[in-house]
Structure formats: C-alpha cells, structure tokens
Amino acid sequence: MNSKPYILAIDDIPSTLEVLTMALNETNIKVVCTESGIEALKIINDRTPDLILLDILMPKMNGFEVCKYLKSKHKTKNIPIIFLSALNSTEEKIKAFEAGGVDYITKPFNILEVLARVKTHLKIHRIHEDMNNLIKESFHEIYTPLGMIKSSLTLQEIEYGKNEYMQNIKVAMLSLHSIYEDIYYAIKKDIKSYPVEWINIESFLLERVELFKPQMNTKHLKYNLIFNTEDAMITIHPIELERIIDNLLSNAIKYSKESSIIQIIVSQLNEKTEIIIANESKKIKDIKQLFNELYREDQAINGLGIGLNIVKKICDKYHININVVEKDGTTRFILQFKENQ
C-alpha cells in the first residue's frame, strides 16, 4: 500500500464530489472522483483504491450493484466501502451492509464525520493488509522446519525404531502440519487454480488413514475401512479432497471416546458415491453450528475452528451433499458425491 492513501469517490452529484475532494486533499489523501458506477469499475481495474466512498442512487448501475460486483471479485473484495446516501431507512442501511459495506453515512453529511470515519476505516484496512502480508510471508518459514522435522523423524524411526517420545513428537508435528494446510488453503483458495482430476477413493483413503495412525494411537483408537463398492472414482482436486477427508478424520479422532472404533465406509447408492466417517462421541451441542467459521464444539479440545468450515465450503463448491447424523452415541459425517463427479 502506498504511504499516501488513495480513495475513489463515486457519486452522480458533482457538488458532493467537490466537497469530498477539497476536504480529503487537505488531509493528505489522494482522491479520484467519478459520477458513474460503470466508469468506477474501469478506474478500479487500473488501480485498486484503499477505500471507496459510494453513493446509492445513480443511473445505469446503482451503489448496491457496484458494491456487490466488487465484493464478488478476489482483487477488490477486501476494499472497504463506505456508503454515502440520502436514503435514511433502516431497510436501505441493512441492504448496504448485506451488500458488503463497512459503514453508512446519510446525506446531508457533516464533512468532519466523513473524515473521521474515513481515517478509521483506512487504519483498520492497513492493519488487515499488514496482518495478511505477515501471514503469507511467514508460511515458507513455517513449512521448511516442519518438513525438516518430518524427514528427521522418519530417519530416526528407521535407525532407532519407534518409542513413545518419538510418537508424541510425530503427533504434534502432524497436528501442526494439518493446521498449516488449512490456513494455507483458506488464504489461497480464491487465487490458486484447483483443476479436477479422477481419484480412486480406495487408494486415497488408505493413504490418508495411514497418516493419522499416530494420532489414533494416542487415544487407543482403531479403525475399520469398509469398501462396499469396487474402484469408486470421483473428480475433484486432490488437495481439496485432502482437506475434506483430513479434517473429518481429525475431527473424528479429537471427539472419539478412548479405545473406540472409527468407521470409514464407502458405498455406491443410486449412482452416487457415498463416504461415511463415523465415531463414538458425546452428543453434539448444536449440529447446525458445526460448519460455522471459528466454531468449536468443545473449547478444551485443540483446534482453530476452521477445519469443518473449509470442508463445507469445498463441498458447496463441488455440489457434494454433506450431512451430520447422530444416533445411539455415534456421530456420522455423510458425504454424497454427485453422479459422474
């Protein structure tokens, strides 16, 4: 972000733009103005502003439409948008926030109030951008030592065999690696390409379950991997299928009762491939909240609360039907992949 903030003001009333330009220029903020929502999109395509001041009632493309369009694009979705409008009803304000606005100021406005809110949202936006950049830049620094730990553990086991202490280190390393993969996917999912490919479910699940054996051993868990169909294939990107299966397995392990059995069942139903991951656990407090971002069923259990939310988003992306069913002390996550997927 440049040291001098850059704001785009969009309003079909020239006098409003003149007042905004004069006031903002005096606070060392660069302002570009336009009277058209359509023209604004062209300006934004050339240079992304740090903040947008947006009128609602404009011809051809109103403020709500401009805001929704910008929020639908990866490049512009994080730009803070402050609505400036003569519309003063609660319904219009709610509509503005639902479209993606961060603030709403009614006309006629007090320019000092506008300046105060602009400065506040610019500051918040800068903090968010700095934090996002820090997270992105830190991933390489995290991944490299994780890889070294993983390879060193493998060599240690080959040379000296397995022991309890090594298994504890391995479990901790695998947990960190899973968290890393979730955060990395959450950050990159909108900009990274994930082309689909055909995947054999049996071989894929055998590989993923093998990776989770150390975590299962810490709770004395066993698993049954049951295939009621042969050579089941689906089309999806392997990384996204990993995020689904790994998060569901991790969740099953975390919430399973000690010394219980995790069931993984693959079936073919009505030409749809179905995967069930079931575990014995205590009753879920609120099934409807399980897939909400940052929701954690039990605060005493480690986790960030993003794993199941990622699962739901990937399932929605591929039109995979996912349900959670509780019966007789068993929780079942049921995935149904559409025909020919």
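The values are calculated or read from the model by the stated rules, or taken from the named source; none is laboratory data. Just so it is clear, the structure is predicted and the values come from calculations on it, not from any experiment. Glycine gets a Cβ as well: all are built from the backbone with ideal geometry, and neighbour counts include every protein chain shown. For accessibility, only protein heavy atoms count, side chains too; no ligands or nucleic acids. Shrake-Rupley method; radii C 1.70, N 1.55, O 1.52, S 1.80 Å.
Just one of (1) touching a residue at least 24 places away in the same chain (Cβ under 8 Å); (2) surrounded by fewer than 17 Cβ atoms within 10 Å (Cβ to Cβ); (3) not in a strand (DSSP E or B) fails for LYS192. It is (1). Of all residues in segment 1-43, those that are part of a loop (DSSP other than H, G, I, E, B) and in contact with a Cys (Cβ under 9 Å, 6 or more places away or on another chain) total 1. The condition of being under 28 Å from the mean Cα position of the chain (by Cα), polar (S, T, N, Q) and part of a helix (DSSP H, G or I) holds for only one of GLN167, GLN215, that being GLN215.
When the test is whether a residue is open to solvent by 40 Å² or more (accessible area, probe 1.4 Å) and either assigned to a helix (DSSP H, G or I) or touching an Asp or Glu at 6+ places or on another chain (Cβ under 6 Å) (or both), ILE142 passes it.
Scanning segment 283-304 for residues that are within 16 Å of VAL324 (Cβ to Cβ) and modelled with pLDDT of 75 or more gives LYS283, ILE284, LYS285, ASP286, ILE287, LYS288, GLN289, LEU290, PHE291, ASN292, ARG296.
For every residue, the table says whether it meets (1) of a type in the set (Phe, Trp, Tyr); (2) out of contact with any Pro (no Cβ under 7 Å at 6 or more places or on another chain); (3) loosely packed, with under 14 Cβ neighbours inside 10 Å.
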{"position": "MET166", "(1), (2), (3)": "no, yes, no"}
{"position": "GLU181", "(1), (2), (3)": "no, yes, no"}
{"position": "ASN200", "(1), (2), (3)": "no, yes, yes"}
{"position": "SER203", "(1), (2), (3)": "no, yes, yes"}
{"position": "TYR223", "(1), (2), (3)": "yes, yes, no"}
{"position": "THR229", "(1), (2), (3)": "no, yes, yes"}
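Considering the conditions (1) modelled with pLDDT under 90; (2) open to solvent by 40 Å² or more (accessible area, probe 1.4 Å), GLY147 is excluded by exactly one of them, (2). Please verify whether segment 246-265 includes one or more residues that are in contact with a helix residue (DSSP H, G or I) (Cβ under 9 Å, 6 or more places away or on another chain), β-branched (Val, Ile, Thr) and either open to solvent by 30 Å² or more (accessible area, probe 1.4 Å) or farther than 25 Å from GLU297 by Cα (or both). No, because not a single residue in segment 246-265 is in contact with a helix residue (DSSP H, G or I) (Cβ under 9 Å, 6 or more places away or on another chain), β-branched (Val, Ile, Thr) and either open to solvent by 30 Å² or more (accessible area, probe 1.4 Å) or farther than 25 Å from GLU297 by Cα (or both).
Summed over segment 55-74, residues that are under 19 Å from LEU17 (Cα atoms), open to solvent by less than 10 Å² (accessible area, probe 1.4 Å) and under 27 Å from the mean Cα position of the chain (by Cα) total 3.
Could you check, for segment 88-107, whether at least one of its residues is closer than 30 Å to SER72 by Cβ, touching a residue at least 60 places away in the same chain (Cβ under 8 Å) and open to solvent by 50 Å² or more (accessible area, probe 1.4 Å)? No, every residue in segment 88-107 fails to be closer than 30 Å to SER72 by Cβ, touching a residue at least 60 places away in the same chain (Cβ under 8 Å) and open to solvent by 50 Å² or more (accessible area, probe 1.4 Å). Taking the listed residues GLU26, GLU18, the one that is over 30 Å from the mean Cα position of the chain (by Cα), at pLDDT below 90 and open to solvent by 10 Å² or more (accessible area, probe 1.4 Å) is GLU26, with no other qualifying.
For segment 39-76, a residue qualifies if it is touching a residue at least 60 places away in the same chain (Cβ under 8 Å) and over 10 Å from LEU8 (Cβ atoms), and exactly one does: HIS74.
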